[in-house]
Each structure stands twice: as structure tokens, then as C-alpha cells.
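Computed from the coordinates by the stated procedures, all read-outs in this text should not be read as laboratory data. If you're wondering where the values come from, they're calculated on a predicted model, not measured in any experiment. Note: ideal-geometry Cβ built from the backbone for every residue, glycine included; neighbour counts use all protein chains shown.
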Amino acid sequence: MRIRVTDVLDLLAAGLSYEQILDEMPDLVREDITAAITYAKQSIDHPVSAA
């Protein structure tokens, strides 16, 4: 089953703990949640050039 990064982030933003997310989505492991956070960070983390 595919679970979107945004779904994991939405659950975290709603205040769910890792354990609660894992209970809600038994196909996930703890490392998947960490990977989702890392992916999101890398997606928005880019240098800003001053003009």
C-alpha cells in the first residue's frame, strides 16, 4: 500500500504521536515516518539567492 508523505505529515501536524500513526497505519514502520519528515525537509530546504 502506498501512503503519501502528506498524509503522514498531516497526522503529525494534527498532534498524533509516532505510536498513534503506526496504530492507524500498520503498514508503516517508525523509519517511514522519519523518512517522510526528511523528504519534506529536503523538498523545501534550498538556498536563497540575494539579488
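Quick one: length gained pulling A50 to V29 fully straight, 0.36 nm per residue minus the C-alpha distance? Walk me through the numbers on the way to the answer.
Values: separation 21, 0.36 × 21 = 7.56 nm, distance 4.06 nm.
Answer, rounded to one decimal: 3.5 nm.
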Review point. S43 versus L9, label points 7 Å from Cα toward the beta carbon: distance in nm?
Key: 0.5
Practice item. Would you mind checking the tilt of helix 30-44 against the longest principal axis of the Cα atoms of the chain, expressed as 0 to 90 degrees and rounded to 10? Key: 20
Practice item. Just name one of M25, V48, I3: the one whose Cα is farthest towards the positive end of the charge dipole of the chain (beta-carbon charges, Lys/Arg +1, Asp/Glu -1). Key: V48
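Let's see if you can work this out: charge +1 on each Lys and Arg Cβ, -1 on each Asp and Glu Cβ, no other charges. What is the dipole magnitude of the chain about its Cα centre, in debye to the nearest 20? Walk me through the numbers on the way to the answer.
Details: 4 positive and 9 negative charges, 51 e Å.
With Lys and Arg at +1 and Asp and Glu at -1, about 240 debye.
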